[in-house]
Structures are given as C-alpha cells and as structure tokens.
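Scroll down for the structure; my scribbles are underneath it.
The values are calculated or read from the model by the stated rules, or taken from the named source; none is laboratory data. Quantities reported herein were computed from a predicted structural model and do not represent experimental measurements. Ideal geometry is used to build each Cβ from the backbone, glycine not excepted, and the neighbour counts take in all protein chains shown. Heavy atoms of the whole protein, side chains included, go into the accessibility calculation; ligands, DNA and RNA do not. Shrake-Rupley method; radii C 1.70, N 1.55, O 1.52, S 1.80 Å.
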Amino acid sequence: MTDLSNRRPLKIRDQQLMRRFAAWLSRRSVTPNQISMLSVIFALGGGAALVMAGQTLAAERSLWFLAAALLIQLRLLCNLFDGMVAMEGGKQTLAGELFNDVPDRIADPLLIIACGFALPDYPSAMWLAWLGALLAVMTAYIRVLGVSLGLPADFRGPMAKQQRMALITGAAVISALEIFWGHYGMVLWISLIVLVVGSAMTALRRLIGAYLRLQQRGAN
C-alpha cells in the first residue's frame, strides 16, 4: 500500500475520530497486516451469524441478523484502519498489497454466500448468493488487472465493496425487524438480486473503462 493513487477514496478516512484511533493503533505494536487478517475473522463471524439466522426463528433470528450487521461493519473498520496505519503510521511492508487485497477476496464471497444460507425458504437464494460472490471477485479482478496494465485503480460502482457491504448490512438490520410484519427473508432476497445486478454492472463498467483507457494509450 505505497501508491496513494491506488487507494480507495473514503470520506470517513478524513474524520478526526478515525485519524485519532489510527494514530493510537500506530503507536502500539499493531501491524497493518494483523488488522487485515482480523477483518477475515470478523467476516467469518458475520457469515456464521447469517447462517445461524437461517436456522432459527423469531427473536433469536433477529439477534443473529443484528450480530451479522455489527460484524460486517467491524470488518469494514479493519479495512479502513489497515490502510491508515500503513500509510499515516509509516508501517508499509513489501507484502502489504497481498494482505490488503487477499483478505477482501476471502471476506466478500464468504459474507455473500452466507446470505444464501440465511434464506432456506427461498430456493433461488443460494445460486443468487454464489453468482453475487463470483461477480464480487470479478469486479476486484478487473480493477487489479487494470492496475497491472499500468492503469489507475478503478473503484467505480454502482456495487463496489463498500456498497455491497452497506447493502448486506442494511438488509440484515431490516431483516432483524421482520418479526414485526412477517415476510421472513424477503428483504435479504431482494438485496441479493440488487447485489447481483449491481455487481454485474460494476464489472462491465470497469471492463469497458479499462478497454477505453488502453485504446486511448495506444492512440497516443
């Protein structure tokens, strides 16, 4: 994580509270790579909570959904602080790019596929979840491929990582409230459809963008 041009633009990174906490972490014996690996542990916990939500009913189901939402957000905070500690704290390593990217490729599919297990009453949910996971990896692959070809990192959406996780988090929170109106699983099922369509659009936008930039480079 040494190239600022390849850093995901996040407004929350400029908030004073985030900067202070990142500075506090930097003064401790905490490395960015450790924070990156912690994000996978939170993702595993979030995925397990989603699976458990699909196996329980009523109030217990709601609690599992809320736990999943919390753990997803903790995973995202790890994604935020690993970069901040590395860059602002001066703790970059040669292996930093591996620890920055590989845990995300594990965490994203894990959480998306877990959404399928959270919806046992929806036969289409499982293949939607697997397709969503594949497309999530594809969007990242196109971005990394573009960088390897000398292009700037393309973080465009409409369903980049932060949008995917915001969608699942919101769906989990709303699903926790389904106990009050029934229709169990409908919100999360619709969210999976939105995730699949949005991720496909994102992959296509990034692919076309990379192609046009390469064509422009060739013309010059």
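Observations
- In the stretch 157-182, of all residues being in a loop (DSSP other than H, G, I, E, B) and over 23 Å from CYS78 (Cβ atoms), the one that is least open to solvent (accessible area, probe 1.4 Å) corresponds to GLY182.
Per-residue answers, yes or no, for (1) in contact with a Gly (Cβ under 8 Å, 6 or more places away or on another chain); (2) farther than 30 Å from LEU57 by Cα; (3) not hydrophobic (A, V, I, L, M, F, W, C):
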| position | (1), (2), (3) |
| --- | --- |
| TYR122 | yes, no, yes |
| MET126 | yes, no, no |
| ALA129 | yes, no, no |
| ALA140 | no, yes, no |
| LEU151 | no, yes, no |
| MET165 | no, no, no |
| ILE179 | no, no, no |
| LEU188 | no, no, no |
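- Identity of the residue in the stretch 49-60, open to solvent by 20 Å² or more (accessible area, probe 1.4 Å) and touching a residue at least 60 places away in the same chain (Cβ under 8 Å), that ends up nearest to ALA107 (Cα to Cα): VAL51
- Evaluation of SER36 against the conditions (1) surrounded by fewer than 15 Cβ atoms within 10 Å (Cβ to Cβ); (2) modelled with pLDDT of 85 or more; (3) under 24 Å from GLY146 (Cα atoms) shows that the sole unmet condition is (1).
- Filter pass, SER124 being buried (at least 16 other Cβ atoms within 10 Å of the Cβ), touching a residue at least 60 places away in the same chain (Cβ under 8 Å) and touching a helix residue (DSSP H, G or I) at 6+ places or on another chain (Cβ under 9 Å): no
- Filter pass, VAL102 being open to solvent by 30 Å² or more (accessible area, probe 1.4 Å) and either β-branched (Val, Ile, Thr) or in contact with a Lys or Arg (Cβ under 9 Å, 6 or more places away or on another chain) (or both): yes
- Residue in the stretch 110-119 that is touching a residue at least 60 places away in the same chain (Cβ under 8 Å) and either in contact with a strand residue (DSSP E or B) (Cβ under 9 Å, 6 or more places away or on another chain) or surrounded by fewer than 18 Cβ atoms within 10 Å (Cβ to Cβ) (or both) present: no
- Checking GLY46 against (1) over 16 Å from LEU119 (Cα atoms); (2) open to solvent by less than 40 Å² (accessible area, probe 1.4 Å), the condition it does not meet: (1)
- When residues of the stretch 65-78 are limited to those that are in contact (Cβ under 8 Å) with a residue 60 or more places away in the chain and open to solvent by 30 Å² or more (accessible area, probe 1.4 Å), the one farthest from LEU135 (Cα to Cα): LEU66
- Close pairs (7 angstrom Cβ cut-off, 6 or more residues apart or separate chains): closer than 11 Å to ALA200 by Cα and in contact (Cβ under 8 Å) with a residue 24 or more places away in the chain in the stretch 128-155, open to solvent by 30 Å² or more (accessible area, probe 1.4 Å) and small (Gly, Ala, Ser) anywhere: LEU135/ALA200
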